[in-house]
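The structure under discussion appears below in the form of structure tokens.
The values are calculated or read from the model by the stated rules, or taken from the named source; none is laboratory data. Just so it is clear, the model here is predicted, and its values are computed rather than measured. Quick reminder, even Gly has a Cβ in these numbers, built from the backbone with ideal geometry, and neighbours come from all protein chains shown. To get the accessible areas, we keep the full protein, side chains included, count just its heavy atoms, and leave off ligands, DNA and RNA. Shrake-Rupley method; radii C 1.70, N 1.55, O 1.52, S 1.80 Å.
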Amino acid sequence: MSAAAQSVDAKPADTQQELTDGFHLVIDALKLNGLTTIYGVPGIPITDFARMAQASGIRVLSFRHEQNAGYAASIAGFLTRKPGICLTVSALGFLNGLTALAHATANCFPMILISGSSERELVDLQQGDYEEMDQLAIAKPLCKAAFRVLHAADIGIGLARAIRAAVSGRPGGVYLDLPAKLFGQVIDADAGRRSLVKVIDAAPAQIPAPDAVKRALDVLRSAKKPLIILGKGAAYAQADDEIRAFVEKSGAPFLPMSMAKGLLPDTHPQCAAAARSTALKDSDVVMLIGARLNWLLSHGKGKTWGDEPKKLIQIDIEPKEIDSNVEIMAPMVGDIGSCVSAMLGAMGHGWQAAPVDWMSAIAKKREENIGKMAPRLMNNNSPMDYHGALGVLRTIVKERPDVMLVNEGANTLDLARGIIDIYQPRKRIDVGTWGIMGIGMGYAIAAAIETGSPVLCVEGDSAFGFSGMEIETICRYRLPVCIVVFNNDGIYRGTDVNSAGSDPAPTVFVKGARYDKMIEAFGGVGINATSPDELKRAVNAAMDSGKPTLINAVLDPAVGSESGRIGKFNPQSVLGKKK
Ligand code: FYN
Ligand code: ADP
Ligand code: MG
């Protein structure tokens, strides 16, 4: 027991001492640090905590499954630069939330998973407590930092450590273990107040070294075919004006990674998204801003990157990221806002824009690809194909650039990424670094709560299934979320057959399923759309009304390719399939 807690016991029972307890201290510590939204699922031992947090003015969003609450918290962290808070019960609730915590860490999103836990004495002796589990030990390898608080007087410092660990340097997921007994611990209220910590400058600026700035500019200046790759770190940094000014001043083409789309509009004349292969293959200097050379960029090597020897410049806040896959000639370690401002400042007047022949080679390829795509987007086929359905969604987002777009699936993801142009920063949130399915409804809920903008979720039917029950949550909180389920009856497509028996093939679902009926059970609007025209009307109506809506978009079950565009990662037997 802490000294402060002991001092309470030492007082005579009849003195009028003002007291506080673990419940109130956690709530006060969160509020003191501006953390006023909790995503979670109540239950033992945090049910009363959730009630009390709500009563104190914290917004408590109660989900149907912790994984979805965790994804919501993770993307809230990305959108706000403050750690998203996820609250779970012990043991399996904790494990459900842990998936999202690992996801936050992999994606560099700040998040704190707060889980209630069983009593240390029993857990450590493995005496079989209710939901006994050594949660701290399990969380450690899957997050950036993990802490446990045993004494009420340490709650303030524990939360301060969690906040700093989540947002400073490279952001990530933090686990905070709060044993059941902690909540009820009573201490002197004054001592409690004094124990709270308001975190000052949680993510301090990290200024790049002047010689690193000079080196980077020298390499960029030497380029004949420069390319700037913007990653979701650049979107996270919220240095939108500086990034745009830098890219425009450089005159170089830029390639946005999926969640960096909109930092500069996809329709910007320097945008090379629709000339991706050419830009990567033929460039001679590539500057990475908040993007890792991981699988999404073919690790910086191989035929995607062409034969031309390349010089690389990389801006990242994490020094260990540099040289992760290939040599980086000009590393710049610092926060993106400071790095880009320093570059802009040092560029001076008269910066030479990229050579005209390079820019026109990119423009030619871009126009070619856009031209090839255009007629396919205008078809009004019924049942729909991806291009017909996405063509109308593309127009809707163009007309309503404020919409938050959530996107997951395989084909639904790959094609929507290319087809739907994004016009503003942080308006597209998707499966991220791991390409996982299941972020959909969690992301949609947090996007609505944190931004106040209307949300459009473009979901594969398989992807939707992972978080579909949260449509009840969406209806309960009356969130302006419109979900479009691209229903082609299965994973990748709905035409596989089982040649060995009467069970359905492993990739197919119930044929002709009506996902729109699900939301009607909770008072939302359900629409079955069988053509692009119907889809357009339904989405516009949902956007205008702000009512929770689920549109079952009927796609031809034969459209869709195995694993979307990343089939190369899906090993297939060369020995032929067994009969
Ligand atoms: C892009 N392209 C376009 C446009 N935008 N053409 C016309 N119009 C527009 N607006 C072109 C682009 O130039 C490429 O053509 C092609 O479309 C593909 O572009 P994309 O999607 O950017 O490129 P690619 O090679 O698919 O990107 C690689 C990737 C991406 C790894 C970054 O596939 C990705 O983010 N994947 C995540 C997948 C994922 O997580 N899936 C979960 C699956 S779940 P060319 O330039 O001619 O090549 C389990 O199955
Ligand atoms: P993408 O998938 O869009 O390419 P990644 O998640 O691979 O993006 O890369 C994001 C990178 O951005 C990470 O290496 C991370 O360290 C870095 N990063 C995140 N926030 C900042 C920041 N504020 N300043 C600098 N780098 C950042
Ligand atoms: Mg499908």
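What are the residues in the range 214-226 that are away from ligand 2 (no atom under 14 Å from the Cβ), buried (at least 21 other Cβ atoms within 10 Å of the Cβ) and among the aliphatic types (A, V, I, L, M), if any?
Narrowing the range 214-226 to residues away from ligand 2 (no atom under 14 Å from the Cβ): 214-215, 217-226.
Retained after the next criterion (residues that are buried (at least 21 other Cβ atoms within 10 Å of the Cβ)): 220, 223, 225-226.
Leu220, Ala223 - these are the residues of the range 214-226 that are away from ligand 2 (no atom under 14 Å from the Cβ), buried (at least 21 other Cβ atoms within 10 Å of the Cβ) and among the aliphatic types (A, V, I, L, M).
Checking each residue in the range 188-210 for being more than 14 Å from ligand 2 (Cβ to nearest atom) and either surrounded by 14 or more Cβ atoms within 10 Å (Cβ to Cβ) or closer than 26 Å to Pro355 by Cα (or both) picks out Asp188, Ala189, Ala191, Gly192, Arg193, Ser195, Leu196, Val197, Val199.
Let's see how each residue does on (1) assigned to a helix (DSSP H, G or I); (2) open to solvent by less than 60 Å² (accessible area, probe 1.4 Å); (3) near ligand 2 (Cβ under 8 Å from one of its atoms):
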residue	(1), (2), (3)
Pro309	no, no, no
Ile313	no, yes, no
Lys320	yes, no, no
Asn325	no, yes, no
Cys339	yes, yes, yes
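For beta carbons closer than 6 Å, sequence separation of 6+ or different chains, a first residue in the range 308-336 that is within 16 Å of ligand 1 (Cβ to nearest atom) and a second that is in a helix (DSSP H, G or I) and open to solvent by less than 30 Å² (accessible area, probe 1.4 Å), the qualifying pairs are Asn325/Gly300.
Among the residues of the range 22-34, those that are within 27 Å of the chain's Cα centre (by Cα) and crowded, with 20+ Cβ neighbours inside 10 Å comprise Val26, Ile27, Ala29, Leu30, Asn33.
Each row is one residue, and each column tells you yes or no for (1) more than 21 Å from Ala410 (Cβ to Cβ); (2) open to solvent by less than 10 Å² (accessible area, probe 1.4 Å).
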| position | (1), (2) |
| --- | --- |
| Val484 | no, yes |
| Gly490 | no, yes |
| Gly512 | no, no |
| Lys536 | yes, no |
| Lys547 | yes, no |
| Leu550 | no, yes |
| Arg565 | no, no |
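Among the residues of the range 394-416, which ones are away from ligand 3 (no atom under 16 Å from the Cβ) and either in contact with a strand residue (DSSP E or B) (Cβ under 7 Å, 6 or more places away or on another chain) or outside any loop (DSSP other than H, G, I, E, B) (or both)? Across the range 394-416, the qualifying residues are Arg394, Thr395, Ile396, Val397, Lys398, Glu399, Val403, Met404, Leu405, Val406.
Of the residues that make up the range 444-451, is at least one more than 24 Å from Ile370 (Cα to Cα), open to solvent by 10 Å² or more (accessible area, probe 1.4 Å) and within 16 Å of ligand 2 (Cβ to nearest atom)? No; the residues of the range 444-451 include none that is more than 24 Å from Ile370 (Cα to Cα), open to solvent by 10 Å² or more (accessible area, probe 1.4 Å) and within 16 Å of ligand 2 (Cβ to nearest atom). In the set (1) on the phi < 0 side of the Ramachandran plot; (2) within 16 Å of ligand 2 (Cβ to nearest atom); (3) of a type outside the set (D, E, K, R); (4) surrounded by 19 or more Cβ atoms within 10 Å (Cβ to Cβ), the condition left unmet by Leu415 is number (2).
Within the range 400-412, can you find the residues that are of a type in the set (D, E, K, R) and surrounded by fewer than 24 Cβ atoms within 10 Å (Cβ to Cβ)?
Correct list: Arg400, Asp402.
Go through the residues of the range 552-575 one by one and say whether even a single one is assigned by TED's automatic domain parsing to the domain that holds Tyr515, in a loop (DSSP other than H, G, I, E, B) and farther than 16 Å from Thr507 by Cα. No, because not a single residue in the range 552-575 is assigned by TED's automatic domain parsing to the domain that holds Tyr515, in a loop (DSSP other than H, G, I, E, B) and farther than 16 Å from Thr507 by Cα. The number of residues in the range 169-214 that are of a type outside the set (A, V, I, L, M, F, W, C) and in contact with a Leu (Cβ under 6 Å, 6 or more places away or on another chain) comes to 5.
Taking every residue in the range 177-202 that is among the hydroxyl-bearing types (Ser, Thr, Tyr) and pairing it with any residue that is open to solvent by 40 Å² or more (accessible area, probe 1.4 Å), at least 6 positions away or on another chain, the pairs with Cβ-Cβ distances below 8 Å are Ser195/Asp154; Ser195/Ile157.
A single member of Ala272, Ala245 is open to solvent by 20 Å² or more (accessible area, probe 1.4 Å), touching a residue at least 40 places away in the same chain (Cβ under 8 Å) and more than 20 Å from the chain's Cα centre (by Cα), and it is Ala245.
Looking only at residues in the range 514-534 that are of a type in the set (Gly, Ala, Ser) and open to solvent by less than 40 Å² (accessible area, probe 1.4 Å), the one that is farthest from the chain's Cα centre (by Cα) is Ser531.
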